[in-house]
Amino acid sequence: MSSEVMNKSYVGQPFILYHGWRSSASRRVRLCLAEKGLSYESRLVNMLKGEQHSPEYLSINPNGVVPALLHGDRVLYESSAIAEYLDELFPEPSIRPRDAYDRLVMRNFVRWVDDYCLPRLIVFNWSQAMQAAATQWSDRELAERIARVPSASRKEAWTRVARKPYSDEEKADAMTGLLKLLEKMQAMLANDHSWIVGERLSIADLAAIPFVMRINELNPSAIANFPFVESWWNRVRQRPSFSEARICAFTATDAEVEAL
Ligand SMILES: N[C@@H](CCC(=O)N[C@@H](CS)C(=O)NCC(=O)O)C(=O)O
């Protein structure tokens, strides 16, 4: 079977999403699914319990992080790769720019968000969501958990949150870094004021939404300094995908999000 015919045969296959309601990468994939009008079965992964590092989950996503998406018998992980996969198999409405150069700019923007912004957001998200419980783990429990974490950077992040919580100075530095996202977006939106890259909403916008949401929660006065970002933010929040993807307050419990 040619790969094109094979892909067509997957179009009707069901989706199962392994995710967390508050996870930025999970939010990105839920936004893509919503923009595409694709429904999925939800499987929540409890990160505080370390379910993302269980042998069962690692057999789905060897990186030990959410999200992961099953499409029929295919296993997909890495939120930006999942987003492109969805756009290739379900081309309408497209969430990638038409132009090859714009697509390159989109990919480089998303990569920067992942490489530069995510580690800085973790400083806040983990302090808020994980620290209270993680500091209670015994040395033995911590060591057992760390042994199951596949990446060195996340071993370090879990050790930090459990034993050496991020200081106010580190949080201030992380926020200075996160504000660079708004600065970068302001410059990119200055081209035609609508979308971060190209002529329509793209994966770049969907990747930025969860981060802008958190920056706005943590530092509510910041966005007003970036008028193009502020009007973009007001527009993206009006889209049906924003509520369908359940981009809720970080303080909302799973039960509250699910009751929506
Ligand atoms: N590059 C990955 C990042 C995924 C990621 O870091 N997910 C976080 C939640 S946003 C996670 O699973 N953290 C739990 C852990 O590291 O143990 C992607 O985009 O899918």
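If you average over every viewing direction, what projected area does the convex hull of the Cα atoms of the range 100-248 give, in nm²? Spell out each step's value before the answer.
Details: hull surface 40.6 nm².
Answer in nm², one decimal: 10.1.
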For the range 3-89, what are Rg and Dmax over the alpha carbons, in angstrom?
12.7, 41
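Can you tell me the length gained on complete extension of the stretch S167 to F250, counting 0.36 nm per residue apart and subtracting the Cα distance? Intermediate values should be presented prior to the final figure.
On the way: separation 83, 0.36 × 83 = 29.88 nm, distance 2.04 nm.
So the extension gain works out to 27.8 nm.
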Using the Karplus curve 6.51 cos²θ - 1.76 cosθ + 1.60 with θ = phi - 60°, what ³J(HN,Hα) values do you get for each residue of the range 209-225, in whole Hz, with x for Gly and Pro?
3, x, 6, 5, 4, 6, 4, 5, 6, 7, 9, x, 8, 5, 5, 4, 7
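Starting from the eigenvalues of the Cα gyration tensor, five times each then square-rooted, give me the equivalent ellipsoid semi-axes of the range 1-154, largest first, whole Å. Could the numbers behind the result be given before it?
On the way: eigenvalues 191, 71, 35 Å².
Square roots of five times the eigenvalues give 31, 19, 13 Å.
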So which lysines pass the test for K36, namely a Cα distance under 26 Å, with those fewer than 8 places away in the same chain ruled out?
K8
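Please give me, ordered by residue number, the trypsin sites (Lys or Arg not before Pro) of the range 7-55 that lie in loop per DSSP and have at most 14 other Cβ atoms within 10 Å. Before the final figure, lay out each step's value.
Values: sites: K8, R22, R27, R28, R30, K36, R43, K49; in loops: R22, K49.
Those that pass, being in a loop and sparsely packed, are K49.
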Taking every alpha carbon pair in the range 113-193, what does the distance histogram look like in 5 angstrom bins from 0, in percent?
3, 14, 21, 20, 14, 11, 7, 5, 3, 2, 1
Work out from phi, with θ = phi - 60° and the Karplus expression 6.51 cos²θ - 1.76 cosθ + 1.60, the ³J(HN,Hα) of each residue of the range 165-176, listed in order in whole Hz, and give x for Gly and Pro.
x, 4, 7, 4, 5, 5, 5, 5, 5, 5, 5, 4
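Write down the accessible area per residue of the chain in Å², having rolled a 1.4 Å probe over the full set of protein chains.
Values: 12550 Å² over 260 residues.
Using a 1.4 Å probe on heavy atoms only, each residue of the chain averages 48 Å².
With Cβ to Cβ distances under 12 Å as the rule, what net charge do the other residues near L76 carry (K, R +1; D, E -1)? Each step should come with its number before you reach the end.
Values: positive: R74; negative: D73, E78, E84, E88.
Spelling it out: positives minus negatives among the neighbours equals -3.
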Using a Cα-Cα cut-off of under 30 Å, which lysines could be cross-linked to K164, ignoring same-chain neighbours fewer than 8 residues away?
K49, K155, K180
For the range 1-62 and the range 127-147, distance of Cα centres in Å
26
Using a 7 Å offset from the Cα along the Cα-to-Cβ direction at both Y101 and E141, what is the distance between the two label points in nm, to one decimal?
5.6
When the chain is fully extended, how far beyond the present Cα-Cα distance does W112 get from K180, taking 0.36 nm per residue of separation?
23.4 nm
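Express the Stokes-Einstein translational diffusion coefficient of the chain in µm² s⁻¹, to the nearest whole number, given a Kirkwood radius over alpha-carbon pairs, 4 °C and a viscosity of 1.567 mPa s. Working shown, then result.
Details: Rh = 19.3 Å.
My calculation gives 67 µm²/s for D.
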With r as the distance between the Cβ atoms of S231 and E199 and R0 = 25 Å, compute the FRET efficiency 1/(1 + (r/R0)^6) and round to 0.05.
0.90
Qualifying lysines (Cα of each under 24 Å from Cα of K184; at least 8 residues distant if same chain)
K171
Among L179, L48, L76, residue whose mean-square fluctuation peaks in a GNM of the chain (springs only between Cα atoms under 10 Å)
L48
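If I compute solvent accessible area with a 1.4 Å probe over the protein chains, what percent of it on the range 89-172 is carbon and sulfur? Before the final figure, lay out the partial values.
On the way: 2490 of 4800 Å².
Summing carbon and sulfur atoms, their accessible area is 52 percent of the total for the range 89-172.
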Cα gyration tensor category, rounded, prolate or oblate, for the range 207-248 with a/c compared to 1.5
oblate
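The values are calculated or read from the model by the stated rules, or taken from the named source; none is laboratory data. These numbers were taken from a predicted model, which means no experiment stands behind them. Methodologically, a virtual Cβ is constructed for each residue, glycine included, from the backbone with ideal geometry; neighbour enumeration extends over all protein chains shown. Ligands, DNA and RNA are excluded from the accessible area calculation, which covers all protein heavy atoms including side chains. Shrake-Rupley method; radii C 1.70, N 1.55, O 1.52, S 1.80 Å.
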